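S.K.: Encoded as structure tokens, here's the structure I'll be asking about.
The values are calculated or read from the model by the stated rules, or taken from the named source; none is laboratory data. Note that the structure is predicted; figures quoted are calculated from it, not measured. Cβ: placed from backbone, ideal geometry, glycine included. Neighbour counts: every protein chain shown. Note: areas computed on protein heavy atoms with side chains; ligands, DNA, RNA excluded. Shrake-Rupley method; radii C 1.70, N 1.55, O 1.52, S 1.80 Å.
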There are 2 protein chains.
Amino acid sequence: MCVVCADVEPTTLLEQLISHGILIDTGIDGIYGRSGVFEDVIARFEDLVTRTGAEGANPMAPEVMRFPPAMNRFHFERSGYMKSFPQLAGTIHSFMGDDRGHFDLLEKLQNNEDWTGQQKTTGVVLTPAACYTLYPIVAKRGPLKSDGALFDLQSYCFRHEPSKDPARMQMFRMREFVRFGKPKQVQTFRAAWLEKGEVMMKKLGVPVHVDLANDPFFGRSGRMLKNNQRDQGLKFEMLIPIESEEKPTACLSFNYHQDHFGTTWGLIDADGETAHTACVGFGLERVALALFKHHGLDVDAWPKSVRKALWG
Amino acid sequence: MCVVCADVEPTTLLEQLISHGILIDTGIDGIYGRSGVFEDVIARFEDLVTRTGAEGANPMAPEVMRFPPAMNRFHFERSGYMKSFPQLAGTIHSFMGDDRGHFDLLEKLQNNEDWTGQQKTTGVVLTPAACYTLYPIVAKRGPLKSDGALFDLQSYCFRHEPSKDPARMQMFRMREFVRFGKPKQVQTFRAAWLEKGEVMMKKLGVPVHVDLANDPFFGRSGRMLKNNQRDQGLKFEMLIPIESEEKPTACLSFNYHQDHFGTTWGLIDADGETAHTACVGFGLERVALALFKHHGLDVDAWPKSVRKALWG
């Protein structure tokens, strides 16, 4: 019997997190409030990511940027996101009418009719991944230096996929390091993070497994993209069981984009060639959920080694 | 001559912040990237807010909650926001079609036509103010205890008002303390914060001025609401000159909602009466901008007393 909810034993991880006040139900699958405890775990993990990024021989100091959860719609359109993942994107619409239009809107709202007919597309869309805002900013700066560039990003992201799986939130935070440069430079960056990431996550005492992966490209034409991505080894994911043992959740991902963003945005390296890019992404809510799943709901009772890795 | 941009002297605060890399242009007015320096100022100010909240005789410990930038559309509709501020809200729309619909969408995108016709309203809207998500959550918990309740919130918020004034962002963070209880309890909370807030901001060495205010209610019928709000002294704002000396910017606001949210959400106090609510809100980007405006773009050169208040 759960001491908090008293009458019904919560069975799923999501129910347990909600009944213990770690996540807060808002009536929408995938949109949850976060308690102070949950946020502290994320802040501690973010510090660990920062420290891990600074380890190794001659680490490159990243330029830190933080983006709001919305981005330029024109940049979003040019990124090709609607070609690959139309089902996940969120566009932002606003009322731009007058008193008369407002009156009609309120009447519809009052009658429980669809009142959103007057909502017009704005210049912004929800950020689908932390790095989508970055590429046009870097392109505008002109050619890269000879050692390329490295950025440290974090942003709330949106994906329209309502689900009871707490690891599949509609609004979640993604931390990212994004490397720009020659193919060799960005491949070395990704290879280093594949190693560093595994060491880092093992300190957290969670079972990890790295595997070749593909993005959830949309529709029939997306199947070919998935196969190409796997065949070329462009995406690796670090999986941890959260909602299911059989289908563990991707908590970190390691992506080599080749010249995809370089070509899209005209990114040029120091020799005048199209720049290559790679990124490592950390699903912050997913990592926190993995920790609660494997170490229990009471952070004070987590294993000493895990507490030390996070709280020092 | 600016050392960074070399050729053109930036004249406005926004241009200065961008040319010094403190804010990052994304091509959309009111949507900016934040540098590590800007984020650090906000983090230090948030700590100061937390410490200030814990000062005084027998301070009530708040329950900490953090919300994502989107909320339940049904709760948003019931809140009355579309009645008061339809022009500022942002609804979130997604593509829910099939391969054929996707093909049409991509064709429109390719031809630079409006491709958003197939975007359907989702169950979520952008959060307009940090506390809008909170009221239905508190209502669901049942009657308040005799000393009421206090919450510590923070959230990214959206307001559709593109502007060159950096203090009028479309996406910004709001920190809030929200008090629930008897009229006397919530009025005492607001009065205490009107004092504490002034002391806190004076430590930051910025010129502050507290004034009676009103919300930007929409349209003709909104004029009456504005007058009522002012006549009853329901809203005070702490103003600091940022973009203009004549029209200083509201950086903190102190609001007594009476039983507005209590009635809307069926919030009940310990005696079975409709609960009253009040909040104090901190516009985090606005406070950071005020600091850069009054102390300059180099945080290391800010006055010692200001650095001490923030960095300790």
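S.K.: Considering each of B:253, B:221 in turn, give the residue that is within 14 Å of chain A (Cβ to nearest Cβ) and among the hydroxyl-bearing types (Ser, Thr, Tyr).
M.R.: Within the list B:253, B:221, the selection yields B:221.
S.K.: State all residues of region B:153-167 that are out of contact with any helix residue (DSSP H, G or I) (no Cβ under 9 Å at 6 or more places or on another chain) and assigned to a loop (DSSP other than H, G, I, E, B); if no residue qualifies, say none.
M.R.: B:159, B:160, B:161, B:162, B:163
S.K.: Pull up region A:208-241, narrow it to residues that are of a type in the set (A, V, I, L, M) and in contact with a Pro (Cβ under 7 Å, 6 or more places away or on another chain), then point me to the one that is least open to solvent (accessible area, probe 1.4 Å).
M.R.: Here the residue is A:240.
S.K.: With assigned to a helix (DSSP H, G or I), farther than 30 Å from residue B:107 by Cβ and more than 22 Å from the chain's Cα centre (by Cα) as the only criterion, which of A:48, A:109, A:17 stands out?
M.R.: Answer to the selection: A:109.
S.K.: Please go through (1) in contact (Cβ under 8 Å) with a residue 24 or more places away in the chain; (2) not assigned by TED's automatic domain parsing to the domain that holds residue B:264 for residue B:112 and return the number of the only condition it doesn't satisfy.
M.R.: Exception for residue B:112: condition (1).
S.K.: Please state which one of A:213, A:192 is out of contact with any Gly (no Cβ under 7 Å at 6 or more places or on another chain), hydrophobic (A, V, I, L, M, F, W, C) and under 29 Å from residue A:144 (Cβ atoms).
M.R.: So the residue among A:213, A:192 that is out of contact with any Gly (no Cβ under 7 Å at 6 or more places or on another chain), hydrophobic (A, V, I, L, M, F, W, C) and under 29 Å from residue A:144 (Cβ atoms) is A:213.
S.K.: Being within 18 Å of the chain's Cα centre (by Cα), free of Cβ contacts under 8 Å to residues at least 60 places away in the same chain and open to solvent by less than 10 Å² (accessible area, probe 1.4 Å) narrows it down to one of A:71, A:82, so name that one.
M.R.: A:82
S.K.: Which pairs turn up if I take residues in region A:28-46 that are facing chain B (nearest Cβ under 9 Å) and look for partners that are among the hydroxyl-bearing types (Ser, Thr, Tyr) with beta carbon separation below 7 Å, at least 6 apart in sequence or on another chain?
M.R.: Sorted first by the residue in region A:28-46, then by its partner, the pairs are A:29/A:163; A:30/A:163; A:32/A:26; A:33/A:26; A:33/B:133.
S.K.: Still on this structure: So, in region B:116-139, how many residues would count as being farther than 29 Å from residue B:255 by Cα and either more than 7 Å from chain A (Cβ to nearest Cβ) or among the acidic types (Asp, Glu) (or both)?
M.R.: So the answer is 3.
S.K.: Would you mind telling me which numbered condition in (1) aliphatic (A, V, I, L, M); (2) buried (at least 21 other Cβ atoms within 10 Å of the Cβ); (3) not in a loop (DSSP other than H, G, I, E, B) residue B:89 fails?
M.R.: Single failed check for residue B:89: (3).
S.K.: For region A:193-214, check the following and say yes or no: at least one residue is within 14 Å of another protein chain (Cβ to nearest Cβ) and part of a helix (DSSP H, G or I).
M.R.: no
S.K.: Could you tell me which of the residues B:272, B:281, B:266 is of a type outside the set (Asp, Glu), open to solvent by 40 Å² or more (accessible area, probe 1.4 Å) and within 20 Å of residue B:79 (Cβ to Cβ)?
M.R.: On inspection, the qualifying residue turns out to be B:266.
S.K.: State all residues of region A:160-171 that are buried (at least 21 other Cβ atoms within 10 Å of the Cβ) and either under 30 Å from residue A:187 (Cβ atoms) or more than 9 Å from chain B (Cβ to nearest Cβ) (or both); if no residue qualifies, say none.
M.R.: Scanning region A:160-171 gives A:166, A:167.
S.K.: Can you name every residue in region B:116-150 that is among the aromatic types (Phe, Trp, Tyr) and either open to solvent by less than 10 Å² (accessible area, probe 1.4 Å) or modelled with pLDDT under 95 (or both)?
M.R.: Residue satisfying the conditions is B:135 alone.
S.K.: Criterion first (open to solvent by 50 Å² or more (accessible area, probe 1.4 Å), among the charged types (D, E, K, R) and within 21 Å of the chain's Cα centre (by Cα)) does residue B:307 satisfy it?
M.R.: Against the criterion (open to solvent by 50 Å² or more (accessible area, probe 1.4 Å), among the charged types (D, E, K, R) and within 21 Å of the chain's Cα centre (by Cα)), residue B:307 does not qualify.
S.K.: Exactly one of these conditions fails for residue A:225: (1) modelled with pLDDT under 95; (2) touching a helix residue (DSSP H, G or I) at 6+ places or on another chain (Cβ under 9 Å); (3) not in a helix (DSSP H, G or I). Give me its number.
M.R.: Evaluating residue A:225 over (1) modelled with pLDDT under 95; (2) touching a helix residue (DSSP H, G or I) at 6+ places or on another chain (Cβ under 9 Å); (3) not in a helix (DSSP H, G or I) leaves (3) as the failure.
S.K.: From the list B:297, B:239, B:225, pick out the single residue that is outside the structural domain of residue B:168 (by TED's automatic domain parsing) and not hydroxyl-bearing (Ser, Thr, Tyr). Outline the logic, then answer.
M.R.: Working: B:297 fails: outside the structural domain of residue B:168 (by TED's automatic domain parsing); B:239 fails: outside the structural domain of residue B:168 (by TED's automatic domain parsing).
After applying the criteria, what remains is B:225.
S.K.: Kindly check whether there is at least one residue in region B:93-105 that is open to solvent by less than 50 Å² (accessible area, probe 1.4 Å), more than 30 Å from residue B:253 (Cα to Cα) and under 28 Å from the mean Cα position of the chain (by Cα).
M.R.: Yes, because at least one residue in region B:93-105 is open to solvent by less than 50 Å² (accessible area, probe 1.4 Å), more than 30 Å from residue B:253 (Cα to Cα) and under 28 Å from the mean Cα position of the chain (by Cα).
S.K.: Moving on to the next point. From the list B:275, B:301, B:213, pick out the single residue that is in contact with a helix residue (DSSP H, G or I) (Cβ under 8 Å, 6 or more places away or on another chain), among the small types (Gly, Ala, Ser) and free of Cβ contacts under 8 Å to residues at least 12 places away in the same chain.
M.R.: The unique qualifying residue is B:301.
S.K.: Scan region B:198-236 for residues that are of a type in the set (S, T, N, Q) and under 22 Å from the mean Cα position of the chain (by Cα) and jot them down.
M.R.: Passing the criteria: B:214, B:229.
S.K.: While we're looking at this one, here's another question. Filter region A:284-304 down to residues that are of a type in the set (D, E, K, R), out of contact with any strand residue (DSSP E or B) (no Cβ under 6 Å at 6 or more places or on another chain) and outside any loop (DSSP other than H, G, I, E, B) and give me whichever is most open to solvent (accessible area, probe 1.4 Å).
M.R.: A:304
S.K.: Working only within region B:48-63, note down all residues that are within 12 Å of chain A (Cβ to nearest Cβ) and surrounded by fewer than 18 Cβ atoms within 10 Å (Cβ to Cβ). Give the derivation first.
M.R.: Step one: filter region B:48-63 for residues within 12 Å of chain A (Cβ to nearest Cβ), giving B:50, B:61-63.
Those that are within 12 Å of chain A (Cβ to nearest Cβ) and surrounded by fewer than 18 Cβ atoms within 10 Å (Cβ to Cβ): B:50, B:61, B:63.
S.K.: When both residues are 6+ apart or on different chains and their Cβ atoms are under 8 Å apart, which pairs have a first residue that lies in region B:233-260 and is on the phi > 0 side of the Ramachandran plot, and a second that is part of a strand (DSSP E or B) and crowded, with 20+ Cβ neighbours inside 10 Å?
M.R.: B:233/B:256; B:258/B:276
S.K.: Hey, residue A:155 hits all of (1) of a type in the set (Gly, Ala, Ser); (2) buried (at least 24 other Cβ atoms within 10 Å of the Cβ); (3) away from every other protein chain (no Cβ under 13 Å) but one; which does it fall short on?
M.R.: Here residue A:155 meets the rest and fails (3).
S.K.: Out of all the residues in region B:79-102, which are more than 22 Å from residue A:97 (Cα to Cα) and more than 9 Å from chain A (Cβ to nearest Cβ)?
M.R.: B:100
S.K.: When region A:25-36 is examined, which residues are found to be of a type outside the set (S, T, N, Q) and buried (at least 19 other Cβ atoms within 10 Å of the Cβ)?
M.R.: A:28, A:30, A:31, A:32, A:33, A:34
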